[in-house]
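What follows is a set of notes on a single structure, which appears directly below.
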Amino acid sequence: MNFPALRYWPLLLVTAGFFVSWIAYFADIWPLWPMLVFGAVMLLGIWDIYQTRHAVLRNYPILGHVRYFFEMIRPEIRQYLIEADNEEVPFSRDSRAIVYQRAKNVEDKRPFGTKMKVYESGYQWLTHSIQPKKIKDTDFRVLIGGPDCKKPYNASVYNISAMSFGSLSANAISALNKGAKIGGFAHDTGEGGISRYHREGGGDLIFEVGTGYFGCRDENGNFDPKKFAETAASDQVKMIEIKLSQGAKPGQGGMLPAAKITPEIAEARGIPMGKDCMSPASHSAFNTPLEMMEFIAKLRYLSGGKPIGFKLCIGHRREFMCIVRAMLETGITPDFIVVDGKEGGTGAAPLEFANHMGMPLVEGLTFVHNTLRGVGLRDQIRIGASGKLIHAFDIARTLALGADWCNSARGFMFAVGCIQAQACHTNHCPTGVATQDKTRQKALVVPDKAQRVANFHRNTLKALGDMTGSAGLSHPSGFLPRHLLVRVTHRDMQTGDEVYPYMPEGFLLREDDERLGYLMRWRRSSSASFQPFDDGI
């Protein structure tokens, strides 16, 4: 008989320690505290044996807690002791370090050459010119506003992507918005509405209208035109973005439990206290592509002519073509479209969604860009892009593939102090960025972090200007697929226009180019419904 087994020895030793310390205490040999410590650990071990939730603890009383401790600190152990500088989980140490350095205005150069494996499949680089240009003004801008827009917005080519107050702390929102004000770029509110911390910062806002219509909803959760008009009238609000889907968890709604709704969150979202708040998976203000175009026109009118657009992660490609058909039939076009890649971040998402739902940015962006080219609308509609875009090369490559500007969420989170602890969903963020804990968020000092946000933006655009000049260009909008090279095997490379070609203007209307499945899906699309008329997608 193998009892007591090795796994029970910690409990037996602690029990023995308790009785020894008990005797020693009453013999005036030891103080009281050893007996209390041994007693507490002994009771923990006894509780481990009789509890029914954790099998490991029942079999390994006391000792099993060591396993749970190391599991708890595994992300930190991996990040600081095991992970290589260029391993992406999800952002490499090198990537994070360059954001921190640029945010702090310190040296961001690297010695001794690249750590990248330049002969491995997937490696990418930009071509450069023998006659580079020196670009002095790197405050690169793009004018957003179509033919029906009365108040176009001259946006930076790099802005803060959608992150709601509630997901981020009050101090984080304040720092981001004040940084945007200093640097002259835009801050997307996320679907959680415009909080007092957005307004106090004074920075330019992109008001995101999600399925919950937070900040513009009636008591039943439906869209309220009057409240929308009041919100959109603010001088801070420069553009309005209808959120159709999010890259990290496309097709999902959500619920904010009543226990997590603070008075400040209720104020920003226009919801009551003490009641669960639902965000449906889809919009109730429209059901068809044609109704969606009418909704866009309605928002443009209610906002006084500000740029109206929508954000989505590409799923069924035919559905996006349904929207484009509705544009052609109604003559109503959005001023912009933001393509969110599935690699985009979120406070919390089901693992299967984060890993296996939605289209990555490169494929989604090229599809949207080429579809608009195919119907002759690309020049009227600006395209934004988001999804792990934190470096100048990320921006240059994304502009080359068809975007007009880029957004970043986690890049600016790093700028305000995020250390990628990946505790966003626990309310225990160690740096006060993604928490509603008042004590924790005090660690984030707003004036200091606001300046870091502005520094990061400025220094990133300076680096983008250096890359643009090295390519012989005057503005990053000049990047085209041919400036990008992609290694496909250890010995072969392809140019970007071979891998990600620009399709001919008007090819869908002429129906004269069968490449890449565009025409097949175009023929199956309809402006009257998002639903397919056959079994395909």
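The values are calculated or read from the model by the stated rules, or taken from the named source; none is laboratory data. Bear in mind the structure is a predicted one, so any value in this text is a computation, not a measurement. Here Cβ is always computed from backbone atoms with ideal geometry, including for glycine, and neighbour counts include all displayed protein chains. Surface accessibility is based on the protein's heavy atoms, side chains included, excluding ligands, DNA and RNA. Shrake-Rupley method; radii C 1.70, N 1.55, O 1.52, S 1.80 Å.
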Worksheet item: Over 32 Å between Cα atoms, which of Lys311/Lys449; Lys109/Lys243; Lys117/Lys243; Lys243/Lys275 qualify?
Response: Lys109/Lys243; Lys117/Lys243
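Rounded to whole Å and sorted largest first, what semi-axes of the equivalent ellipsoid does the C-alpha gyration tensor of the chain yield via the square root of 5 times each eigenvalue? Numbers along the way, then the final one.
On the way: eigenvalues 450, 168, 121 Å².
Output for the chain: semi-axes of 47, 29, 25 Å.
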Worksheet entry | segment 246-357, Cα convex hull volume normalised per residue, Å³ | 126
Worksheet entry | Point-to-point label distance, Asp137-Tyr119, nm (Cα→Cβ direction, 7 Å offset) | 4.6
Practice prompt. Please turn the phi angles of segment 131-138 into ³J(HN,Hα) values with the Karplus equation 6.51 cos²θ - 1.76 cosθ + 1.60 (θ = phi - 60°), one per residue in order, whole Hz, x for glycine and proline.
Written response: 10, x, 10, 9, 9, 7, 9, 9
Item to complete: May I ask for the equivalent-ellipsoid semi-axes of segment 108-160, computed as the square root of five times each C-alpha gyration tensor eigenvalue and listed largest first in whole Å?
Response: 35, 17, 13
Practice prompt. Using Cα centres only, tell me the gap between segment 136-182 and segment 214-247 in whole Å.
Written response: 17
Worksheet item: Expressed as a whole percentage, what fraction of the accessible surface of segment 85-180 belongs to carbon and sulfur atoms when a 1.4 Å probe is rolled over the protein heavy atoms?
Response: 52
Worksheet item: Can you list, bin by bin at 10 Å, the percent of alpha carbon pairs in segment 451-499, starting at 0?
Response: 23, 34, 29, 12, 1
Practice prompt. Taking the Cα atoms of segment 465-537, report the difference between the largest and smallest coordinate on each principal axis, in whole Å and largest first.
Written response: 50, 32, 22
Item to complete: Indicate the helices, whole DSSP H runs only, in the chain that combine a mean Kyte-Doolittle hydropathy of 0.5 or more with a Cα extent along their long axis of 15 angstrom or more.
Response: 9-26, 33-50
Practice prompt. Set Lys and Arg Cβ to +1 and Asp and Glu Cβ to -1, take the dipole of the chain about its Cα centre, and tell me which of Leu6, Tyr518, Ala471 lies farthest positive.
Written response: Ala471
Worksheet, complete the sentence: Residue by residue through segment 510-516, the couplings from Karplus 6.51 cos²θ - 1.76 cosθ + 1.60 with θ = phi - 60°, in Hz, x for Gly and Pro, are 7, 6, 10, 9, 8, 5, 6
Worksheet item: For segment 212-305, with only Lys/Arg (+1) and Asp/Glu (-1) charged at the beta-carbon, what is the dipole magnitude about the Cα centre, in debye rounded to 20?
Response: 180
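Give me the percent of accessible area attributable to carbon and sulfur for segment 438-537, probe 1.4 angstrom.
54
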Fill in: Scaled radius of gyration (Cα, divided by 2.2 N^0.38 Å) that segment 131-277 gives
1.13
Discussion item. Could you derive backbone 3J(HN,Hα) for segment 210-221 from the dihedral phi with the Karplus parameters 6.51, -1.76 and 1.60 (θ = phi - 60°), listing whole Hz in sequence and x where the residue is Gly or Pro?
Written reply: x, 5, x, 6, 5, x, 8, 10, 8, 5, 9, x
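Rolling a 1.4 Å sphere over the protein heavy atoms, what is the accessible area per residue of the chain, to the nearest Å²?
48
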Discussion item. Explain nothing, just the number: dipole magnitude of segment 345-449 about its Cα centre with +1 on each Lys and Arg Cβ and -1 on each Asp and Glu Cβ, in debye rounded to the nearest 20.
Written reply: 220
Worksheet, complete the sentence: The farthest towards the positive end of the charge dipole of the chain, of the residues Ile206, Leu389, Ala415, given +1 on Cβ of Lys and Arg and -1 on Cβ of Asp and Glu, is Ala415
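State to the nearest 20 debye the size of the charge dipole of the chain about its Cα centre, where the only charges are +1 on K and R beta carbons and -1 on D and E beta carbons.
Values: 62 positive and 54 negative charges, 189 e Å.
The dipole magnitude comes to about 900 debye.
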Practice prompt. Before rounding to the nearest 500, sum -39500 (n - 2.57) across all DSSP H runs of length at least 4 in the chain and divide by the residue total; then give [θ] at 222 nm in deg cm²/dmol.
Written response: -11500 deg cm²/dmol
Discussion item. For a quick size check, give me the Cα extents of segment 373-440 along its three principal axes, largest first, whole Å.
Written reply: 53, 22, 15
Practice prompt. Pop the C-beta distance of Ala259 and Gln494 into the FRET formula with R0 = 45 Å and round what comes out to the nearest 0.05.
Written response: 0.25
